[in-house]
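Beneath this line is the structure, given in structure tokens, with notes to follow.
The values are calculated or read from the model by the stated rules, or taken from the named source; none is laboratory data. Quick caveat, the model's predicted, so the values are computed rather than measured. Here the Cβ positions follow ideal geometry from the backbone for every residue, glycine too, while neighbour counts run over all protein chains shown.
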Amino acid sequence: MPRFTEVEVVEVWERVRLVSRIGRLVAAAADGGQILVSSSMVSMIDATEFEFGEPINAQLKSIPGVHVLRPLARLSPVVESWA
């Protein structure tokens, strides 16, 4: 099993905390019943399984800059069958 230095562990932990915080802020930006996804997440998702609405520019509290968010428009029938 690999050993990590304390500095490496702290760096990874800080990144995990930032990603978690951004996820919470994206969720908080959504209106009731709406699901928003960050543009970086959209780029990692299989586009055949999800459809997204028009991009929304948003300010996320305490995260500098404008962030592009995409509302989830619908799931593919395959994904819907998983539920």
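Could you say whether any residue in segment 14-28 is hydroxyl-bearing (Ser, Thr, Tyr), under 11 Å from the mean Cα position of the chain (by Cα) and modelled with pLDDT of 85 or more? Before the answer, list the steps.
Of all residues in segment 14-28, those hydroxyl-bearing (Ser, Thr, Tyr) come to 20.
Cutting the leftovers down to under 11 Å from the mean Cα position of the chain (by Cα) gives us 20.
Pick out the ones that are also modelled with pLDDT of 85 or more and you get 20.
Yes - at least one qualifying residue is present in segment 14-28.
Which of the numbered conditions does Arg70 fail, given that it passes all the others? Conditions: (1) in contact (Cβ under 8 Å) with a residue 24 or more places away in the chain; (2) not in a strand (DSSP E or B).
(2)
Which condition does Glu11 not pass, out of (1) over 21 Å from Arg74 (Cβ atoms); (2) under 14 Å from the mean Cα position of the chain (by Cα), if it passes all the others?
(2)
In segment 1-22, how many are assigned to a helix (DSSP H, G or I) and either touching a strand residue (DSSP E or B) at 6+ places or on another chain (Cβ under 8 Å) or β-branched (Val, Ile, Thr) (or both)?
8
What is the one condition in (1) in a strand (DSSP E or B); (2) at pLDDT below 90; (3) surrounded by 12 or more Cβ atoms within 10 Å (Cβ to Cβ) that Val42 does not satisfy?
Every listed condition holds for Val42 apart from (1).
Quick one: how many residues across segment 45-83 are modelled with pLDDT of 85 or more, loosely packed, with under 12 Cβ neighbours inside 10 Å and charged (D, E, K, R)?
Residues meeting the conditions: 2.
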